[in-house]
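Each remark here refers to the structure printed beneath this line.
The values are calculated or read from the model by the stated rules, or taken from the named source; none is laboratory data. Model, not experiment: these values are computed from the prediction. Here the Cβ is made from the backbone with ideal geometry for all residues, glycine too, and neighbour counts use every protein chain on show. Heads up: the accessible areas ignore ligands, DNA and RNA and are worked out on the full protein's heavy atoms, side chains in. Shrake-Rupley method; radii C 1.70, N 1.55, O 1.52, S 1.80 Å.
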Amino acid sequence: MLIDILLTIHFILLVLISLRVLSRDDLTAPARLAWIVILFVLPYFGVLVYWMFGEVHLGRNFAREREDIINKLRQHRPAVLGSDVALTLAVKPEYQAAFAYSAKATGFQTTVGNRAELMADAAETRSRMIADFDAANDHIHVLYYIWLVDGMGTATAQALIRAAKRGVTCRAMVDGMGSRKMVGSTLWQEMKDAGVQLSVAPTLDQYIQSAAIQPY
C-alpha cells in the first residue's frame, strides 16, 4: 500500500515537473530534453536534482524586493528595463534562451544600443580593456565581484587612476567579500586619492544589519 502511494506521488511529480520543463521559454530544446531524460532515468533522485539545479532559488524575500525595485524603475526609468521585443530583434536565436533566463532571474529584459564581444583569451581581454580605459574621455564604470591585487587587478586600478587624473569620471563598485583584499590594499587608497569614486557592496551579514547598500 505504501509503495503504491509513493509511486503515485512520484508519477504526479514527474508529470508536473515535465510540464513545467516543457513550458519554460528560457530553456533550449536540448536543455528541455536533457531534463526530461534526467527526470525519467533517475527515479526520485531526478526530481531532487531538478529542484536543486533546474530552478532559480534566490530566497523567500527576493521576489518581493525585486518587484519593488522593478516598480520604481518602471515609474522613473522604464527604458532601462528593456523589452522582450528587443530580445527577438537584437539577439541571435542561439543566444535568446540565455537572455530570457537572465531576464527571468533579474527582471531586466533585453535593451538595444549595446554590443558585446568575446575575447580570445585573458591577455587580449586585459589589453583591450586597458586600451579602452586609456581612450575614455567622459566616464568609466567598473563593477567587480572578485577584484584581486594581481597583474590584471593592478593594471585596471592604474588605468582608472590615469583616467581620473585627466578628468574622466571614474566609478568602481566591488563586492565586500569577493574583493576584500583589494579594498584593504594601498592600491584602493591610491584610487581614492586620485579621484576614483569607490563603493563597496556589503556582505550578506552587513546587508542584513543595515538593509542598505552604500551609494556612490
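Calculated accessible area for the range 1-157 comes out at 72 Å² per residue, all protein chains present (probe 1.4 Å; ligands, DNA, RNA ignored). Shape class for the range 55-115: oblate, because the ratio a/c of the largest to smallest gyration tensor axis (alpha-carbon atoms, square roots of eigenvalues) is 1.5 or more and b/c is at least a/b. In a fully extended conformation the segment linking THR154 and ILE12 would gain 45.6 nm over its present Cα-Cα distance, using 0.36 nm per residue.
Among the protein heavy atoms of the chain, carbon and sulfur supply 62% of the accessible surface, probe 1.4 Å, non-protein parts ignored. With helices as the sole contributors, the chain gives -18500 deg cm²/dmol at 222 nm; each DSSP H run of n ≥ 4 counts as -39500 (n - 2.57), and the sum is divided by every residue. Taking 7 Å steps out from each Cα toward its Cβ at LYS72 and MET1 produces label points 5.7 nm apart. In this structure, the amide hydrogen of VAL142, modeled 1.01 Å from its nitrogen in the peptide plane, lies closer than 5 angstrom to those of ARG171, ALA172, MET173, counting only residues at least 5 positions away or on a different chain. Ordering of 41-51, 179-189 by packing is 179-189, 41-51, highest average first (other Cβ atoms within 10 Å, averaged per residue).
What's log10 of I(q)/I(0) for the chain at q = 0.08, 0.14 Å⁻¹, Debye sum over Cα points only, no solvent? Debye curve over Cα of the chain, log10 I(q)/I(0) at q = 0.08, 0.14 Å⁻¹: -0.46, -1.12.
Of the chymotrypsin sites (Phe, Trp or Tyr not before Pro) found in the range 129-184, those that fall in a DSSP loop while having at most 12 other beta-carbon atoms within 10 Å are TYR145.
For a paramagnetic label modelled on VAL49 (point 7 Å from Cα along Cα→Cβ), amide N atoms under 13 Å away belong, within the range 15-34, to 33-34.
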